[in-house]
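The values are calculated or read from the model by the stated rules, or taken from the named source; none is laboratory data. From a predicted model like this one, the values you see are computed outputs, not experimental measurements. Please note: Cβ atoms are built from the backbone with ideal geometry, for glycine as well, and neighbour counts cover all protein chains shown.
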Amino acid sequence: MISMWIFRIVCSYILVMVLDMGVLGVWIGMFVDWYARAAAYLARYLSVRWKKHRMI
């Protein structure tokens, strides 16, 4: 949820209100959020720390 506020909302606001990109700015902000989350998930997956936890 924090990443959504940081990337999607703030990026979209800057692109729409400051750079006057309109709906295209919202779409770009959404894609930036998706790529940032994918990078974070990939980094966590590649860190292998998640494999150390045992299931109940």
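Residues of the range 1-43 that are among the polar types (S, T, N, Q) and either at pLDDT below 90 or exposed (fewer than 13 other Cβ atoms within 10 Å of the Cβ) (or both): Ser3 alone. Among the residues of this structure, Met55 counts as one that is without any contact (Cβ under 8 Å) to a residue 12 or more places away in the chain and of a type outside the set (Phe, Trp, Tyr).
Restricting attention to the range 25-51, the residues that are assigned to a helix (DSSP H, G or I) and over 17 Å from the mean Cα position of the chain (by Cα) add up to 5. Look at (1) at pLDDT below 90; (2) surrounded by fewer than 13 Cβ atoms within 10 Å (Cβ to Cβ) and you find that Leu46 fails only one, number (1).
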